[in-house]
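Below is one structure, written out as structure tokens; comments come after it.
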Amino acid sequence: MNFSTVEISKDDSARLFERARAVMPSGYTRNMLVAKPHPFYAVSADGSRLTDADGCTRIDWVNNFASLIHGHNKREVVDIISQQAARLLSATMPAEWEVKLAELLVDRIPSVEQVRFMNSGTEANLIAIKAARAFTGKSKVAKLEGGYHGQYDLLEASYVPPSEKWGERNYPAVVAHNAGTPQSLLDELVLFPLNDIETMREILTRHASEVGTVIIDPSGLSLGTGIYASHDFLVALRETTEKLGMVLIFDEVWSLRSGYRGTQGLMNVTPDLTTMGKMIGGGLPIGALGGQRDVMSVFSIDDGEPKVKHSGTFTGNPMSMAAGFTAMSLMTPALFDELAKQGEHLAEGLQRALVDTDTQGHVVNRGSMTNLLFTERLPVDYRDLYAQQTPAVASLSARMPKLMATEGLHVLRNMFVGSTAISNDDIDETIVAVTRSLLKAAEA
């Protein structure tokens, strides 16, 4: 077959979904993309715009869940990918690109003195837990109730636990996220609530003899919720983990885009380990674990076998390293400041849209990330968010992404993730589109 003559199918999204249903469970390979009656299938994109198989072009406010900091087809990134693909796709040898990207991260992120690369944020968190366990000698891990850290079954437990399984606030029950999760694994997890300093300290102190690792996304609860960790809470968590001899991991897979030095730099709170992904790959698959030398020494072979053995077929592959280094090098402090200004512009406009349409809700913004919430008040933790999910709130939250899609916006979970490709005109167009969507929702 002459692959140069192969053409992309002209099937629209509905027909593509029917084909997918024949060869994938329910037609999907990513749970977070489930949509009724079917998802839109992407065909092409450029800058801030994404075009689907039905010929509809929308402003992309998802940016592949924050991995595309420059939007689509950033010329410098596309060029380096093309050049590197022609030179070397992958090999069982390291390449200079991984050294260059590691040097950039060490220079930029406060907690990072050394780096290991992986292929996803999930893998980075999994390896981070291994490293922390090896360093402390304690097997149990603590995380936020309602916190999200990827697909590792230990860490995805109690991501969205139902209220009837919560347990007492200071004795939260660990709830499996998937069928078949071993109870022995769940027994290795301890939960604490967000933004409740007293309860967090009490729980961690109670489990100090068993828990050696605490992991948290320093931006807050989990992607799409808009529930941020307060500065006081992060400071108290850092002080508590240091006092109790626990390794503190900041999961910045998502939140690294908050600023030039990540959320840890923005909040001036430095963890022991940091996991990264998404934007550091320039749009290609990547994960990374960085941290202080003493903790990262568990990977060292200088004195014999390492405490933690870590490798992978595509780990440190030159394609992701080259794209990541190029994309990250373009992200100067001034560019992060510009993204933050645009985020404020969007947030102010969305707040006006709520007021102008007499819609209950709130807008929460940090840097290039903006969330539209329809709760009566701003939630402070998972249980508060859950309690405020009335039928009306849940219905509006579910309908809005579909309504916004008809107004030319690609938005998931009512979360707007910016990029350097987004223009002020895009933002103004978005504010008008959201206002129209809210009016349609009110009429329904």
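The values are calculated or read from the model by the stated rules, or taken from the named source; none is laboratory data. Being a predicted model, the structure only gives us computed values, none of them experimental. Cβ sites come from the backbone with ideal geometry, for glycine too, and all protein chains shown count toward neighbours.
Candidates in segment 1-24 are the residues that are part of a loop (DSSP other than H, G, I, E, B), surrounded by fewer than 15 Cβ atoms within 10 Å (Cβ to Cβ) and more than 26 Å from the chain's Cα centre (by Cα); of these, the one that is modelled with the highest pLDDT is Asp11. Of everything listed in (1) within 22 Å of Phe233 (Cα to Cα); (2) crowded, with 22+ Cβ neighbours inside 10 Å; (3) not acidic (Asp, Glu), the single unmet condition for Pro161 is (1). When only residues in segment 298-330 that are more than 21 Å from Glu113 (Cβ to Cβ) and aliphatic (A, V, I, L, M) count, which is surrounded by the fewest Cβ atoms within 10 Å (Cβ to Cβ)? Only one residue fits best here, namely Leu330. Restricting the first member to segment 317-332 and to residues that are farther than 13 Å from Asp79 by Cα and in a loop (DSSP other than H, G, I, E, B), and the second to residues that are small (Gly, Ala, Ser) and at pLDDT 95 or above, the beta-carbon pairs closer than 9 Å and six or more apart or on different chains are Asn317/Ser90; Asn317/Ala91; Asn317/Ala95.
Within segment 358-371, not a single residue is in a helix (DSSP H, G or I) and surrounded by fewer than 22 Cβ atoms within 10 Å (Cβ to Cβ).
Could you look through segment 25-38, keep only residues that are over 23 Å from Ser419 (Cα atoms) and surrounded by 12 or more Cβ atoms within 10 Å (Cβ to Cβ), and pick out the one that is modelled with the lowest pLDDT? Please lay out each step first, then the result.
The initial filter retains those residues of segment 25-38 that are over 23 Å from Ser419 (Cα atoms), namely 25-29, 31, 34-38.
If we keep only those that are surrounded by 12 or more Cβ atoms within 10 Å (Cβ to Cβ) as well, we get 27-28, 35, 38.
Working: Gly27: 96, Tyr28: 96, Ala35: 90, His38: 93.
Checked segment 25-38; the qualifying residue modelled with the lowest pLDDT is Ala35.
Within segment 402-423, is there a residue that is part of a helix (DSSP H, G or I), over 15 Å from Ile59 (Cβ atoms) and outside the structural domain of Tyr159 (by TED's automatic domain parsing)? Yes, segment 402-423 has at least one match.
Condition (residue is over 18 Å from Pro285 (Cβ atoms), surrounded by 14 or more Cβ atoms within 10 Å (Cβ to Cβ) and touching a residue at least 40 places away in the same chain (Cβ under 8 Å)) applied to segment 77-90: is it met by at least one residue?
No.
Filtered by the rule that a residue be closer than 19 Å to Leu144 by Cα and of a type in the set (D, E, K, R), segment 379-408 gives Asp381, Arg383, Asp384.
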